[in-house]
Every structure is written in structure tokens, then in C-alpha cells.
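Structure first, commentary second.
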Amino acid sequence: MKEFWKSEGLGILFTAALGSFGHFAYDLSKENILVALFCPVNESTWEHLKLLFFPFLLFSLLRLFFSEKKSPVFATSIFSGVAAGLLFIPEAFYALLLMFRFHSLPTDIAIFLLSVVFSFAVCYLVQFRKAPGFNGLSILFLLILTGLFFIFTFAPPDTPLFQDPVTKGYGIQAL
């Protein structure tokens, strides 16, 4: 356990801090379209997944670039970690919403922070396993996810995951 925190602690702090800042970045940028690609443009659950995805991906790429010790399943571990966190956020959010019929800012923050730790834990576990990875497929899936975040910012599906609970709109048009 101590080895996990030593290895992944900086990534957890980086992702949590950049993700937290990302929550406000679109408004602070005066609704800059480039910022909209990487940061939430409304309060929908889908848009808030960007808070985990892009900081986690950025940290992972920085680690890959600067690390001397490279895992043979690095891309697989990145995809596995971020996918686990991206699945955790809506599952936890909607489960709590169904159980308690409301959500609160402290609960939303706790879900985000838990998803960051969960993502790095899964990434860590996959990175040091002895099984073969699927790096090519993982890179493809990461590129597809990135594309979906970009596309759905401007043309989201008409489903609850993409609906802003405040304005009841979708994507950038929800504003």
C-alpha cells in the first residue's frame, strides 16, 4: 500500500487539482471554444467526466515521456484506469441520487476524488501485472474517447447523462 501512494500520489494530486480547476476554466476563459473541448461547459454528468479524463491522460502522458522505467502495458494501464474512473462517476452519482433523491456538492466532490484514486489504483494494478497488454487497442479506445468528448461538447445525444440539470439543455447549447 505504501508503494502505491509513493508511486501514484503525485498523479492523484495532479489530477485532483487540475480537474478541480477545470470545473471553472470554461467560465474563466469567457467561454473559449478550445477550453470547452477539455473542460465542462455545463453541469451534465458527461461534461464532468472531462474533469477526470483529461488531467489523468495528461499526467499519464507526462509520466510516460519523463519516466525511465516504461511498463510494457502502459497504454493498457492508462485506458483501464481512466475507463474504471469514468464508469465509477456516473454509477456512484446515479446510485446515490436514486437512494437519497438528491445530491450535494460535498458528495459530488467526494465522488470525483474517489474516482481519481480508483483510476490510479486500477492503472497501478494493470501496469505491474505479468499478463500481456493490448496497447494498440487501448490507444485506439483513448483516441475514440477523446473524440467523443470533443463531439459531444457540441452535439450531445438527447439522454439524461448529457442533460444539464440546471438549464435542462444539452452540450454547449445548454448555456
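Before moving on, here are some points about what is shown:
- Whole-angstrom gap from segment 1-37 to segment 70-95, using each part's C-alpha centre: 15 Å
- Residues whose placed amide H lies under 5 Å from that of Gln163, excluding near-sequence neighbours: Thr45
- Separation of the Lys69 and Leu161 label points, Cα + 7 Å toward Cβ, nm: 3.6 nm
- In this structure the amide hydrogen of Phe134, modeled in the peptide plane, comes within under 5 Å of the amide hydrogens of Thr76, none closer than 5 places in sequence on its chain.
- Remark: the Leu125-Leu97 segment gains 7.1 nm on full extension, using 0.36 nm per residue and subtracting the alpha carbon distance.
- Anchor Lys70: lysines whose Cα lies under 20 Å away (excluding residues fewer than 8 positions away in-chain): Lys6, Lys130
- Gained length - Phe4 relative to Leu114, 0.36 nm times residue gap less alpha-carbon distance: 38.1 nm
- Gain on full extension, evaluated as 0.36 nm per residue between Leu140 and Thr107 minus their Cα-Cα distance, stands at 8.6 nm.
- Per-residue Karplus couplings for segment 38-44, computed as 6.51 cos²θ - 1.76 cosθ + 1.60 with θ equal to phi - 60°, are listed in order as 10, 10, x, 9, 7, 9, 5 Hz, Gly and Pro entered as x.
Rule-based calculations on the coordinates, nothing more; no lab input. Note that the structure is predicted; figures quoted are calculated from it, not measured. For neighbour counting, all protein chains shown are included, and Cβ atoms are generated from backbone atoms with ideal geometry for every residue, glycine included.
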